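The values are calculated or read from the model by the stated rules, or taken from the named source; none is laboratory data. Just so it is clear, the structure is predicted and the values come from calculations on it, not from any experiment. All Cβ positions, glycine included, derive from the backbone under ideal geometry; neighbour counts span all protein chains shown. Side chains are part of the model used for accessible areas, which takes the heavy atoms of the whole protein and leaves out ligands, DNA and RNA. Shrake-Rupley method; radii C 1.70, N 1.55, O 1.52, S 1.80 Å.
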Amino acid sequence: MEQKKLIDLVHITKRYGNNVVIDDLNLYIRENEFLTLLGPSGCGKTTTLRIIGGFETPDEGKVIFDGKDITKLPPNERHLNTVFQKYALFTHMTIAENIAFGLKIKKKSKQYIKDKIKYALKLVNLDGYENRMPDSLSGGQQQRIAIARAIVNEPKVLLLDEPLGALDLKLRQDMQYELIRLKNELGITFVYVTHDQEEALTMSDTIMVMNQGYIQQIGTPEDIYNEPENAFVADFIGESNILDAVMIKDYTVRILGVDFPCDSAGFGINKPVDVVIRPEDIDLVAPEEGTISGQVTSLIFKGVHYEMEVLAGGYEWLVHSTDLSAVGTNVGIRVDPYDIQVMNKPESKDEEAANYEE
């Protein structure tokens, strides 16, 4: 059964002075979806989140929520809650008082509030913390309380703006799994902003990659990683070898003067293209068995694999492999045809930024 469309951003444009932060953005978010807005600083992802939350008003376009136009509604009249990176807990209040804050404004009964506090603390694995003060908690615990405070209001949507950015790596990874569990248990829609690619790939049902106020690509984590639509997405999501190439004909692409069989067609004849090859998709073989040959110039042990650089055809190829090839070894590079991702070259900087087509 197809998920219902819950939020629809229609032709959204936002400017600050002469600076266009979001340019004619169209996006819909489904009920119970975990959507991540991913991109570098200044790409428009936080502004998009703030427009959904009602903290910013678009200069053009509409925000439709559950079939209603909420573009002009203030944040407190929308069925959603926001969790920020800075937690924003009230330091002079206990944990229970922090969680109860929104419910008291809504004039809920004392028993209802007590039950909700207990439920929310249990959900974020902080049973018995009611009477603690925020400054007695770790960063991860404070972030859980901020999430608990949002959850008790029973929002249809939880907006999260880089909520794990201030945590250390181990805590961040633990919280990623916590958020996935919460999303599954609560059955609400999560809209998550991050610039961390691993975070996006780990948690999301859908990822929207943004750059310069434009959507570059929308898809599942697997689609975004394995089939990037342009060089920006390929470069931003994980490590890549991105090369200038020429599509000689269907199923043959010339990279660094050497013809590689590939799985792509429909680009034309002798057409300049971009090619992406992931480091883990490169096999190092004997020089005579490779499509192109070269020499290992650097080697780093990364724990689960070796990271090597191979100079071949005048290009430093990045290779990830569990098999070691020592520095100075002559090797051949072989890539399966379906692991060579061929993309049209953008014809201008504007086209490069506004690449995405629905």
### Query
When only C-alpha pairs under 8 Å and at least 6 residues apart count, what is the relative contact order of region 247-336, in percent?
29 percent
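Filter 108/156; 122/302; 72/106; 118/183 down to the pairs with a C-alpha to C-alpha distance above 26 Å, please. Please list the in-between numbers first.
Working: 108/156 19 Å; 122/302 38 Å; 72/106 21 Å; 118/183 18 Å.
Violating the 26 Å Cα-Cα cut-off are 122/302.
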### Task
Could you give me the percent of Cα pairs per 10 Å distance bin for region 29-150, shortest bin first, beginning at zero and ending with the bin that holds the maximum distance?
12, 35, 33, 19, 2
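What is region 219-294 by shape, rounded, prolate or oblate, if you read a ≥ b ≥ c off the alpha carbon gyration tensor as root eigenvalues and call it rounded for a/c under 1.5, prolate for a/b larger than b/c, and oblate otherwise?
On the way: a/c = 2.02, a/b = 1.18, b/c = 1.71.
Oblate.
Mind running the shape call on region 142-211? Use the C-alpha gyration tensor, a ≥ b ≥ c as the square roots of the eigenvalues: rounded below 1.5 for a/c, prolate if a/b tops b/c, oblate otherwise.
Values: a/c = 1.65, a/b = 1.21, b/c = 1.36.
It is oblate, given that a/c is not under 1.5 and a/b is not larger than b/c.
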### Task
Could you name the aspartates and glutamates whose alpha carbon sits less than 18 Å from that of residue 116, not counting residues in the same chain fewer than 8 places away?
97, 127, 130, 154, 185
### Message
Once each part is reduced to its C-alpha centroid, what is the distance from region 122-162 to region 192-225 in angstrom?
### Response
25 Å
### Message
Let me make sure I get this right: for region 269-353, a, b and c are the square roots of the gyration tensor eigenvalues over alpha carbons, sorted descending. Under 1.5 in a/c it's rounded, otherwise prolate if a/b > b/c, else oblate. Which is it?
### Response
prolate
### Query
Within region 2-52, which GluC sites (Glu not before Pro) sit in a loop by DSSP and count at most 10 neighbouring Cβ atoms inside 10 Å?
2
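Which value, in Å², gives the accessible area per residue of region 150-202 when a 1.4 Å probe is used on the protein heavy atoms?
Working: 2030 Å² over 53 residues.
Accessible surface, normalised per residue, equals 38 Å².
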### Task
Can you tell me the FRET efficiency between residue 269 and residue 336 if r is taken as the Cβ-Cβ distance and R0 is 22 Å, rounded to the nearest 0.05?
0.40
### Task
Provide the three semi-axes, in whole Å and in decreasing order, of the ellipsoid equivalent to the chain as defined by the square roots of 5 times the Cα gyration tensor eigenvalues.
45, 26, 15
### Query
How much accessible surface area, in Å² rounded to 10, belongs to the heavy atoms of residue 343 with a 1.4 Å probe?
10 Å²
### Query
Using 7 Å Cα-to-Cβ label points, what is the residue 86/residue 26 separation (nm, one decimal)?
3.7 nm
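Thinking of region 209-335 as a set of Cα atoms, what percent of all their pairs are more than 23 Å apart?
38 percent
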### Query
If contacts are Cα pairs under 8 angstrom and at least 6 residues apart, what is the relative contact order of region 17-89 in percent?
22 percent
### Message
Suppose a student asked you for the relative contact order of the chain, using Cα pairs under 8 Å spaced at least 6 residues apart; what percent would you report?
### Response
15 percent
### Query
Okay, helix-only estimate at 222 nm for the chain: each DSSP H run of n ≥ 4 adds -39500 (n - 2.57), divide by all residues, round to 500 deg cm²/dmol; what do you get?
-7500 deg cm²/dmol
### Query
Cα to Cα, under 30 Å, and not fewer than 8 places away if on the same chain: which lysines meet these conditions relative to residue 249?
271, 345, 349
### Query
Using a probe of 1.4 angstrom, how much of the accessible area of region 240-302 is carbon and sulfur, in percent?
48 percent
### Query
Based on DSSP, what percent of beta bridges with both residues in the chain are antiparallel, to the nearest 5?
75 percent
### Message
Within the chain, which whole H helices from DSSP have a Cα span along their axis of at least 15 Å and a mean Kyte-Doolittle hydropathy of -0.5 or more, if any?
### Response
95-105, 139-151
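Using a cut-off of 13 Å between beta-carbons, work out the net charge of the residues near residue 190 (Lys and Arg +1, Asp and Glu -1, residue 190 not included). Let's see the in-between values first.
Details: positive: 30, 156, 181, 183; negative: 31, 33, 161, 178, 185, 199, 205.
Local charge sum for residue 190: -3.
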### Highest to lowest packing among 62-75, 208-221, scored as the average C-beta count within 10 Å
208-221, 62-75
